[in-house]
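Data block below; observations after.
Read-outs: derived from the displayed coordinates by stated rules, not from any lab. All of these numbers come straight from a predicted model, not from anything done at the bench. Please note: Cβ atoms are built from the backbone with ideal geometry, for glycine as well, and neighbour counts cover all protein chains shown.
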Amino acid sequence: MNDTPGWASPGSAPSDGQKPDASGPAEPADRPGPAHPSEQPGQQQNHAPQGPGPQWSKEQPPPAQWSAPGSQPGPGQAPPPPPPGPGWGGRPPGGYGPGGPGGYGPGGPGGPAGPAGYGPGYGHPGGHGGWGGGWGGPPPAAKPGVIPLRPLGVGEILDGAVSTMRTYWRTVLGISLTVAVLTEIIVVLFQGLVLDDSSTDALNDPSATLSELSRAMSDALLNSTVIFVISLVGTVIATALLTTVTSRAVLGKSVTIGEAWRDARPQVLKLFGLICLLLLITAGIVTVGTLPGILVTVAGSTGPGVALTVLGVIGAGIVALWLMIRFSLASPALMLEKQGIKKALTRSTKLVRGTWWRIFGIQLLATIIANVVASIIVIPFTFLAGALSGDGLTGWLNSGAGSLGWTFLIVSGIGSVIGSMITFPITAGVTVLLYIDQRIRREALDLELARAAGLQGYGPTAPGATAGS
């Protein structure tokens, strides 16, 4: 007996007194069948015709004319009709189940199943193809601006940052150029007028005393800190303005430098406080990690102290990196949601949770790309500045840092400005798009963005719309 389900019509259960396996292949009409138990052998002709009788047509099909469904047609037999349409096969009339013309869905003919699908929800929403008419994939996401309103891939995030810079180049490059020029002018003036090169010469003098080395290291640390703070202020301002520009570019709306500044100005001080807080957290973690090794080294155990210091630096670096990625979306959350510092840190933690490695990979890739492009521009300008300085290129290379004359500072500053014009838009744009991508994935921000962009028929009740994409 064959237990696999076959192509049986509904309700074709075996009749009373008949075994379930009695439905085998039909016996030929000219073969005498067994007599019924209640009949005599001579009464068999009353129940089964022995051949084509008066009620049957004399033109019977020849043997081997019929074939099983799906087999190749025999000689002289017409081939089966082609499928009714492209795709995965046409829908049979009435469907394959109780769904009737709607397909597999319940409710009988004309039930709630789609007009051309095999059940509710299968096939293109609102379309007429379903599975029978061909599967063309989900409907394309709306794209009012530089990115489609759906979860983004790595390439789409990077392309969105570059597209923002390319589409709104007047505003983006204007902001980057203004901030970079002002920042670099302050740095060059500080290095040329305030910075004392002679105080750090002891670092290159093998005969320098311990006090001279300590004073030189303190001066170098102070000078580097001042330059870093100046650059940090410029980075904060550029990030605040470019965050506004990128958020508008997602909606396909342009913004001028004045409009971006008016929108970002109330949050600039908070953004500066946020970045300073993150730097203090990093410095505190590094200090806690290296302090035990330093104390052991000062106590006289040089070997164990150095090893403990190295382990502390590695551990502190890992913890600091984990926290920085965890809080990496706090800046756009603070600027776009108009939140405070604490709330922005909480929002970033919530958005990054469960996707730390993805955020880390995208941020690292964007940083590498931006720095490589900037280095291609900055390094030639640095060598050119050394060649044009008083000692020439050879003297500048031999002296290590070279004499920081005005020629060197101005030429190298021009290269730094051009490099900053490229790095600012890429890093800020990637961070903002990562923030938007995470909110689309977790909070269905795509619906709000579509309504803010003025798209018609895009919302929770629109055909084919899915919350959260």
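Relative to the current alpha-carbon distance between Val306 and Trp261, full extension at 0.36 nm per residue lengthens the span by 11.3 nm. Exceedance of the 23 Å cut-off in Cα-Cα distance is limited, within the set Lys270/Lys343; Lys143/Lys253; Lys253/Lys350; Lys270/Lys350, to Lys253/Lys350. The listed peptides 298-309, 231-242, 163-174, ordered by packing as a protection proxy, come out as 231-242, 163-174, 298-309 (highest mean of other Cβ atoms within 10 Å first). Report note on the peptides 277-289, 411-423: ranked by the mean count of other C-beta atoms within 10 Å, highest first, their order is 411-423, 277-289. Remark: the stretch 216-231, residue by residue, has Karplus-estimated 3J(HN,Hα) of 5, 5, 5, 5, 5, 5, 5, 4, 5, 5, 5, 5, 5, 5, 4, 5 Hz, where x stands for each Gly or Pro and the curve is 6.51 cos²θ - 1.76 cosθ + 1.60 at θ = phi - 60°.
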